[in-house]
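The values are calculated or read from the model by the stated rules, or taken from the named source; none is laboratory data. Everything numeric in this text was worked out from a predicted model, so none of it was measured. Every residue, glycine as well, gets a Cβ built from its backbone with ideal geometry; the counts of neighbours run over all protein chains shown. The protein model used for the area step is the full one, side chains on, heavy atoms only, and it has no ligands, DNA or RNA in it. Shrake-Rupley method; radii C 1.70, N 1.55, O 1.52, S 1.80 Å.
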Amino acid sequence: MDIKRIYKFQVLATIFTIVLGSILHFTYDLLGNSNIVATFSAVNESTWEHLKLLAIPMILFAIVEYFFIGKDANNYIEAKVLGIIFGMILITTIFYTYTGIIGNNFFLFDIATFIIAVIGAEWLSFKIMTSPSFSNKITQILSLICAMLIIIMFFVYTFIPPEINLFRDPITGDYGIPLNNRI
């Protein structure tokens, strides 16, 4: 196992996720409110939609990265899925903690939250990939099932979100895609 190579890929993954996640924040509006684009872009300002900005780029990079270091790293699939889940938990926890304390959200804090979560997610992935192997067919299959469930939930909850605060756009009060944008 080449730890330096794995580290370099995690740095690239971090940069890729921050850049693509930032772009995905705007693609739904910029590309004409397309339902296809909605499945992988933020459609409103809800916390749930912002989780896509971390998860989708991390999943895309992980697929490509697998062909470069996946066979050399320990626990690769498990590491990437646990990293994504950890990053989503970090975004949710940091956002609701800081807004609960100060009573409002701030754009710069939101950006910092996203960056911290991406760094934390990729750091955890790196630590798991460079730790002793625990991977087996069962843990790999369970990890892939978790990843697929995350993707399915993003697709479904974009169009049919539960009406709880996690899915509520704090600006418009809408859940998911605004009704006037649905086809």
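So which residues in the range 151-174 are among the hydrophobic types (A, V, I, L, M, F, W, C) and out of contact with any helix residue (DSSP H, G or I) (no Cβ under 6 Å at 6 or more places or on another chain)? The answer is Ile151, Ile152, Met153, Phe155, Val156, Phe159, Ile160, Ile164, Ile171. Tallying residues that are surrounded by fewer than 12 Cβ atoms within 10 Å (Cβ to Cβ) and β-branched (Val, Ile, Thr) within the range 145-165 yields 4. Just for the range 26-50: of the residues that are touching a residue at least 60 places away in the same chain (Cβ under 8 Å) and either in a helix (DSSP H, G or I) or of a type in the set (Val, Ile, Thr) (or both), which one is surrounded by the fewest Cβ atoms within 10 Å (Cβ to Cβ)? The selected residue is Asn35. Remark: pairs (first residue in the range 1-13, within 20 Å of Ile63 (Cβ to Cβ); second residue open to solvent by 90 Å² or more (accessible area, probe 1.4 Å) and part of a helix (DSSP H, G or I); Cβ separation under 7 Å; 6+ apart in sequence or on different chains) = Phe9/Phe68. Pairs meeting the criteria (first residue in the range 152-180 and within 19 Å of Asn104 (Cβ to Cβ), second residue modelled with pLDDT of 90 or more and open to solvent by less than 20 Å² (accessible area, probe 1.4 Å), beta carbons under 6 Å, at least 6 apart or on different chains) are Leu166/Thr47; Leu166/Trp48; Arg168/Ser46; Asp169/Asn44; Asp169/Ser46. Can you tell me which residue in the range 64-93 is farthest from the chain's Cα centre (by Cα), limited to those that are of a type in the set (Ser, Thr, Tyr) and surrounded by fewer than 19 Cβ atoms within 10 Å (Cβ to Cβ)? Applying the filter and picking the extreme gives Tyr66. Pull out all pairs, ordered by first then second residue, where Cβ-Cβ is under 7 Å, the residues are six or more apart or on different chains, the first lies in the range 61-78 and is closer than 13 Å to Ser135 by Cβ, and the second is of a type in the set (Val, Ile, Thr) and open to solvent by less than 70 Å² (accessible area, probe 1.4 Å). Filtered contacts from the range 61-78: Ala73/Ile6; Asn74/Thr130; Asn75/Ile128; Glu78/Ile128; Glu78/Thr139.
Of all residues in the range 117-144, exactly one satisfies the criterion of being closer than 18 Å to Pro57 by Cα and exposed (fewer than 15 other Cβ atoms within 10 Å of the Cβ), namely Leu144.
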